[in-house]
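Please read the structure below before turning to the comments.
The values are calculated or read from the model by the stated rules, or taken from the named source; none is laboratory data. This structure is a prediction, so every number in the text was calculated from the model and none was measured. All Cβ positions, glycine included, derive from the backbone under ideal geometry; neighbour counts span all protein chains shown. For the accessible areas, the whole protein counts, side chains as well, though only heavy atoms, and no ligand, DNA or RNA atoms are used. Shrake-Rupley method; radii C 1.70, N 1.55, O 1.52, S 1.80 Å.
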Amino acid sequence: MAVQAAESSTTPAANVSLGPAAALSCRECGERFPLGPIFACSSCFGPLEVAYDLPSGDPEELRRRIEAGPASIWRYAPLLPVPADVADRPNLNPGFTKLVKADNLARELGITGALHVKDDSGNPTHSFKDRVVAIAVEAARAFGFTTLSCSSTGNLAGAVGAAAARAGFRSCVFIPHDLEAGKVVMAAVYGGDLVGIEGTYDDVNRFCSELIGDPLGEGWGFVNVNLRPYYGEGSKTLAYEICEQLGWEVPDQIVIPIASGSQLTKIDKGLKELIRLGLVADKPYKIFGAQAEGCSPVSRAFKDGHDVVRPVKPDTIAKSLAIGNPADGPYVLDIARRTGGAVEDVTDEQIVDAIKLLARTEGIFAETAGGVTVGVTKKLIETGQLDPALTTVVLNTGDGLKTLDAVAPTTGPSATIRPTLDSFREAGLA
């Protein structure tokens, strides 16, 4: 895998303005680098993330400023690596999706505390990926890229295609050749180039890493590779929104799907930032990771007590989570253990049952990743790992219309009748 690193520096690049973003910092050794399209430390090859000069002062004033902002992730611009005028630029304005109080689902699961579903299917391309791509687009603008690209299990490809079309970039995205038809169509409809790669997502990701180091990739911003430090920050907005929608309170428990693991780590980062800024009270919280059994390397490592995540070959209907070698897996293990949470997995059959359960109880049609989180929540309650009396938030990260194949074989009309009342009576549905 090609690694793009940089010479070390303690000061950010003078000609790049991304709001409060001050530098890139290595998550392993702490070395700092100027803001730029890099993702690995040149000293230890650890992953880089954005370091900030966050606003100081009266938390109440910052809360009021946020609450007066647009109904999108840009209300949190003072906490993100974006320019101050980001809301006025051409973009899809994702975020501020519904936090649904799921009382019906709670009763089914035996939860006596408050249960909420953070439903990110309401984003412009119907998945949480619109959040992360929106941040990456601003970094691509700052660094002068002309083409947006990515390796994707489906949702990201559509989000990049749409965001590029809106922002005036060319797009060329890469996917495994055997994705769900709905995701392929959605990624292609925006007019950019869509390339299927024979192999798994991990094969696609390796190809993209090689392309970055080749002259063919000159001027290309790969949102989840050379723009990854900025892209990942978009997931923090889930933490910000959840806490704001709960009245500026941190939930006791959060259940989050794991693909690469980045989303879970950034939600934890977002919660810690809110606490440090005084926007929410400092209190314990538990983070739970959710995987499909057919691609559960992080869950296996957690249960076995290991710190190393061993790669696997994915075999699951939850293709948006089918990353056999998750880059942030070790960090997920650290967070689950530090917060007193866990990482659990469910079978494909349990995923389908959970999709139907959420749809039947709350009217939310989740894609397979949402079935994973609901299914894992049910399993965590049954095994006593999740406290049913506490406030719990479960993430649904995408729309079920994207993964119809998962439920189609067992879902359909209750009956087919003649257009007569007698036929309706005979069907036993009256």
In region 69-95, how many residues are of a type in the set (Gly, Ala, Ser) and out of contact with any helix residue (DSSP H, G or I) (no Cβ under 8 Å at 6 or more places or on another chain)? 1
Answer yes or no: is there a residue in region 310-324 that is more than 30 Å from LEU48 (Cβ to Cβ) and touching a Ser or Thr at 6+ places or on another chain (Cβ under 7 Å). yes
Counting only residues in region 55-76 that are open to solvent by 40 Å² or more (accessible area, probe 1.4 Å) and of a type in the set (A, V, I, L, M), the one farthest from PHE143 (Cα to Cα) is identified as ALA68
If PHE96 passes every condition in (1) touching a Lys or Arg at 6+ places or on another chain (Cβ under 9 Å); (2) open to solvent by less than 60 Å² (accessible area, probe 1.4 Å) but one, which one does it miss? (2)
Of the criteria (1) touching a Ser or Thr at 6+ places or on another chain (Cβ under 8 Å); (2) at pLDDT 95 or above; (3) open to solvent by less than 10 Å² (accessible area, probe 1.4 Å), which one VAL225 fails: (2)
Selection within region 302-316 - more than 14 Å from ALA259 (Cβ to Cβ) and either touching a residue at least 40 places away in the same chain (Cβ under 8 Å) or assigned to a loop (DSSP other than H, G, I, E, B) (or both): PHE302, LYS303, GLY305, HIS306, ASP307, VAL308, ARG310, LYS313, ASP315
Pair list, Cβ < 8 Å and 6+ apart or interchain, from region 394-423 residues that are among the basic types (Lys, Arg) to residues that are part of a strand (DSSP E or B): LYS402/SER127
Based on this model, can you work out whether ARG65 counts as at pLDDT 95 or above, assigned to a helix (DSSP H, G or I) and touching a Gly at 6+ places or on another chain (Cβ under 9 Å)? no
In this structure, does ALA22 turn out to be free of Cβ contacts under 8 Å to residues at least 40 places away in the same chain, part of a helix (DSSP H, G or I) and buried (at least 18 other Cβ atoms within 10 Å of the Cβ)? no
Is it the case that some residue within region 29-40 is over 18 Å from VAL133 (Cα atoms) and loosely packed, with under 14 Cβ neighbours inside 10 Å? yes
Checked region 169-206 for anything open to solvent by 30 Å² or more (accessible area, probe 1.4 Å), over 24 Å from PRO90 (Cα atoms) and either charged (D, E, K, R) or part of a loop (DSSP other than H, G, I, E, B) (or both); matches are HIS177, ASP178, GLU198, THR200, ASP203, ARG206
